[in-house]
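Notes to accompany the following structure.
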Amino acid sequence: MWNMGTNTNHFRRNLIFALLSVIVLVVFFVMAYNYKSRTSEQKSRLEAAVAEAKQYEDEVTELKRSITSATDALSDKSDTARFVVGYVVSSEEDIATAEAQAAEYGFEPLIVLDCIDDLTVLEGLALVASDAGHEIMLTASVFTVEANETVKSLLSYMSENGIDCADIFLLRSDYSSSSNVELVISDGFSGYTIYNSTPTSGITDDGYITFDYSFLTVDSTSLTRFSSSYSNLASMVVAIELDSVRAGTLTDSFISKLLTTLAAYSKNDDCEFTSIAGVAESLLEENESAEERLLEYEAYVAECEARIDELEEIIAEIYSQLD
């Protein structure tokens, strides 16, 4: 009897242990299943959230790329390089030389009068150049008070005799101080030439027209500047001093080399021979167009940035729901 009772108790303990083991296993499998389900659900939610957020993130990236493109386009001021070939003359024979070279290379010569010369001589040259239909530009190789007085007197003579004068003064870099610029503007000019290592052209904050110039010299500097002006699609006055030819510091062969180079440039769609008036008109039009494009650009960027802010808030909200 005792053995039978002992066996019965032992059987019951084994049975209870077995049942508990089964229950534990069931609970374990249920918990594991639930954990796997929750993990799978969380993974699915995460993947869905990431996919949703990516759509907005891609749009943000595209908007930022679009702003960058618009900014780059805004800096494009000109699509054409412009050259005006001028001859600093001191006689009627010089004007004839300018006409002959211009005819050979296919451009209209600009006649440049140096206001350190005798006023009577300058008046006669202005009359001859005007009668021949040439554009006239004034300069002063040494910009003194006396030279500026000659500028004023010559302008008065030209106005009285119906002779047009370019609105841009050929101001040399040695005399380009702010006080001299003020004198040029007070004389009635709407702009002046500048000299930069990298040729540029445009409108100043004060509304004055400026573009580069370069006097032809027998070295690589001149041709390098002309090439740079072309590469930067800038406008430039190329000045040839015929007194330098007579002095032997400038040769006809080098002038021919220059004009051949410029003539080759002018055959391209992004380069042209023009006049001082043509340069001024083009720069004013480009400046007006640039102002319009700036307003459009600012409005576009503001619209893009507002949309970016909106999208970034949506993205942040999506990810915050996963916390």
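A short reminder: the numbers here are calculations on the coordinates, not readings from a lab. Quick caveat, the model's predicted, so the values are computed rather than measured. Note that we place each Cβ from the backbone using ideal geometry, even for glycine, and neighbour counts take in every protein chain shown.
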- Could you pull out every one of the aspartates and glutamates with an alpha carbon less than 16 Å from that of K267, ignoring same-chain neighbours closer than 8 positions? D79, E104, E108
- Message: Viscosity 1.567 mPa s, temperature 4 °C: what is the translational diffusion coefficient of region 134-176 from Stokes-Einstein with a Kirkwood Rh over Cα pairs, rounded to a whole number of µm²/s?
- Response: 117
- Task: Send over the semi-axes of region 108-244's equivalent ellipsoid, whole angstrom and largest first, taken as the square roots of 5 times the C-alpha gyration tensor eigenvalues.
- Result: 24, 18, 14
- Message: Counting C-alpha atoms alone, how compact is region 189-265: give Rg to one decimal and Dmax as a whole number, in angstrom.
- Response: 13.6, 42
- Note on the structure: Binned at 10 Å from zero, the C-alpha pair distances of region 204-323 give percents of 10, 27, 21, 14, 11, 9, 6, 2, 1
- Item | Spin-label model distance (nm) - T260 vs V121, 7 Å beyond Cα toward Cβ | 3.3
- What are the radius of gyration and Dmax of region 252-321, computed over its Cα atoms and given in Å? 24.6, 81
- Relative contact order of region 121-255: what whole-number percent is it, with Cα pairs under 8 angstrom and at least 6 residues apart? 17
